[in-house]
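Coordinate-derived values only; no laboratory data. None of these values were measured; they are calculated from a predicted model. In this analysis, Cβ positions are derived from the backbone assuming ideal geometry, glycine residues included, and neighbour counts consider all displayed protein chains.
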Amino acid sequence: MTYFRNFPVTAYKFGDEIEDAFFQNITTYIDLVDEVVDDVSAYSYYNIMDGERPDSLSQKLYGTTDYYWTFYLMNTSLRRQGWPLTQSEIYSIGAKFYPNTVIRTKDALTEIDNNTLNKFYVGDIVASRDVGSPSNNPTFANPQFKGTLLEKNLDMGQLIIEPIIEIRSITITNGGAGYTTTPTVTISGGGGSGAKVQSVSISGGAVTAITLSNKGSGYTTAPTITISDPDTPGVLASTATAKAVLSSNDLSNNTTVYSFIGVADTDLWGSSNRLKSVSADEVIESQLNAPHHYEDANGNWVDLPIYGDGFGVDNTASGISGKTIVTYLDRLRSENETLSRIKILRPSVVSQISTKFQQLLRQ
């Protein structure tokens, strides 16, 4: 980059190299920067537009791309955090860092059900009952929802859960023909790992069932199930086929979720005093859309949006009335907007300051 062309050269030994390498010392700092930043007559403010790049902004303001580097020297926030993101980039990065499911529950902050949320432990599995299982006899071999508890936000009454997308079952789509011994079943692809076959059943020369000993996790698409060829040669033999069925992890509002302290395999859950539950009063599938915090009319953060029936952030009956929800996505956008407001050198002085800066580097 032409910006570094006049930086002084320094010697440095990289790794276990014997000889010094000579390169420009990009850590060089010029006091002129502080002088200009503090001189209100030398700069004005500018709001970076969505998708605007440093070089294009330099061209727009100064008629050349050569002064893109002045934006970083004039703004500490840009040097620390980088150039503002586009709205689509904010959403993509936010979805990457906040992909989890958020459950809001009043059980978090009240003595309802013996304050059960405090008996949910970070790192344990949270799951709902099997679809259709009776409330008086819950089973968890095929829970409608299953995930790992990452965080308990007591102030917000939230459980933050990373959904576990696993292989719930393997369906035989074609049993094939000619199998006299157990074939080999391979699970591949899908973005996940850990799934293992426990047994393969055959009857009348056809594959009839495949049972898993481990359902795996982290799948983004259904993996490919490959069954080895039958051991009986001939035109009547055919290879069996099967498909994997992934967990959907659907969870509705007002559903009861459970946790079994220290037991990760939900197939082992049953009636026990260690099996705890809370009501998922509200389920937010994307953490990006969940409340990060609440603010009052002056933009100040307020806590405890739920504190039992009829109570709220200010511990009075007004509850969350008059308070504004700020979601995770709102917060990211707000921080990006703050980063977008920068100091810029006025066009009348940018060339003069740039020349002086390069002269000082050569001294």
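For region 167-246, the relative contact order comes to 45 percent (Cα pairs under 8 Å, sequence separation of at least 6).
Mean separation of Cα pairs under 8 Å and 6 or more residues apart, divided by the residue count, gives region 68-204 a relative contact order of 18 percent.
Counted by Cβ distance under 15 Å from residue 71, the other residues give a net charge of +4, where Lys and Arg count +1 and Asp and Glu count -1.
Pairs spanning more than 31 Å between alpha-carbon atoms, out of 96/146; 60/323; 215/276: 60/323. A straight line joining the Cα centroids of region 205-221 and region 59-101 runs 45 Å.
Full extension of the chain between residue 59 and residue 245 gives 61.5 nm of extra length, using 0.36 nm per residue less the Cα-Cα distance. Relative to one another, the C-alpha centroids of region 329-354 and region 237-303 are positioned 41 Å apart.
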